[in-house]
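Take a look at the structure set out below.
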Amino acid sequence: MSIRDRIRGGDAEAFEQLFDEFARSVYGHAFRLTGNQSAAEDVLSLTFLEAWRLRHRIDAGGGSLRPWLLGIATNVARNTRRAARRHDDALARLPRAEQVPDFADEVVGRADDAERLAAVQRAFGTLRRQEQEVFALVVGSGLGYAEAARALDISVGTVRSRLSRARRKLEASVADREPPRPAEQVRGDRVPAVRSAREENR
Amino acid sequence: MNAGEREELARLLPYQPELPGDRCRQLKEFVMSEIKPAKRKRRLPRPAVLAPVLAAAAAVAITLPLLSGGAAYAVTKKADGTIHITIDEAKNPEGLEADLRGMGLNAVVDYIPMGKKCSPQPRSESFLSEEEAPLTLWPVPEEGQVGFTIDPRVVKDGQTAVLEFSVSDTPGATVAGIWARVSTGPVAACRLVDSTGAPLGPSGG
């Protein structure tokens with residue numbers, strides 16, 4: 001029996017496997033949309049509670065459930081409070097993390113790293129929500145256009161156009177804010193700060 | 001988009017930290033404890049547990065006030081096989097879905113606030129007409145109680161009852177209307193979108 005069938009049938013063990021496999025992926029997507037570790041943890045938890053609630057809607061056929069989970073996560077990130085209420089205000093029972101260090105303190109050691117990351121963050125924040133969602137799914141989570149379209153319940157053409165607009169805006173915005181630097185240095189700076197889509201997809 | 005393009009565009013993504021392993025395990029334990037019925041909050045016996053009682057008192061309607069989420073709704077399986085639903089609070093649709101399934105009805109339940117409607121519409125490409133599958137029975141009020149009566153027998157194996165309830169935003173008010181159809185195929189999840197029209201069903205009616 002496939003994991004789809006098992007989860008659809010209410011198999012909690014199979015659902016736990018699903019969490020193990022995709023929790024980090026969902027968290028990454030949630031963090032990109034919320035920009036906040038605590039909010040991303042809320043979205044992660046609620047996404048899996050929603051997935052369990054909606055398990056009977058899983059089609060028998062099909063590939064990985066990751067695009068489906070990321071679609072749920074996108075909806076939850078849009079309205080976390082509503083999702084929490086659906087689960088009897090589950091967030092009130094969610095164990096809170098200990099003090100979370102700011103990422104700039106945790107990872108970024110050099111001032112130019114911090115400045116560049118902040119510029120990227122600001123640029124991403126200027127996108128419309130729908131553009132952020134598409135860019136995060138396709139570039140951040142590595143979904144194909146058709147997968148992103150299904151996850152967001154929009155057409156492939158809309159995915160392409162939103163992605164194109166997002167890319168244009170981001171490139172223009174980052175170019176405006178960031179002074180040009182030698183290519184080698186930019187590449188070198190990028191490694192610790194931004195995980196590749198391939199890495200994310202493991 | 002190929003891997004090279006994606007790699008190139010990744011530089012435009014905000015930084016995203018790793019979720020620490022300990023925290024990930026903690027969140028998994030939380031999720032698993034929330035979904036396991038044994039750890040749920042107060043819940044009266046499931047309909048399946050009550051089956052012998054139903055058999056012994058077939059002429060008596062059994063009311064199951066379902067208290068998870070704070071007495072949000074009640075469902076009554078009546079002697080004639082129909083199900084009466086009363087909603088006091090528009091929350092815990094998953095509980096209502098589960099309890100309807102416990103009564104043998106595979107159902108999808110969504111609450112639609114004022115100014116919203118479900119997207120996409122229609123949520124299935126294979127809805128049966130009201131004539132083919134008369135799911136909702138009228139009139140619905142019973143002994144002064146507002147509610148809705150549905151006939152689960154029109155939903156055959158492999159089919160899904162799609163129930164959308166419109167929710168008033170007036171304090172103290174709850175569900176104002178129901179749209180109910182039977183789908184013979186997959187049903188799209190309800191994503192609430194802004195709407196100036198009526199909140200229920202494909203045509204707003």
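Take each residue in B:19-26, count the other chain C-beta atoms within 10 Å of its C-beta, and the mean is 5. Buried surface between chains A and B: roughly 5500 Å² of accessible area, summed over both sides, computed with a 1.4 Å probe on protein heavy atoms only. Can you pick out the pairs among B:28/B:77; B:36/B:78; A:169/B:28 whose Cα atoms lie more than 32 Å from each other? Exceeds cut-off: B:28/B:77; A:169/B:28. Using the Cβ-Cβ distance between residue A:160 and residue A:21 with R0 set to 45 Å, the FRET efficiency works out to roughly 0.95.
For residue A:59 and residue A:129, a Förster radius of 30 Å and the Cβ-Cβ distance give a FRET efficiency of 0.65, rounded to the nearest 0.05.
The values are calculated or read from the model by the stated rules, or taken from the named source; none is laboratory data. Just so it is clear, the model here is predicted, and its values are computed rather than measured. Every residue, glycine as well, gets a Cβ built from its backbone with ideal geometry; the counts of neighbours run over all protein chains shown. Only protein heavy atoms, including side chains, enter the accessible area calculation; ligands, DNA and RNA are left aside. Shrake-Rupley method; radii C 1.70, N 1.55, O 1.52, S 1.80 Å.
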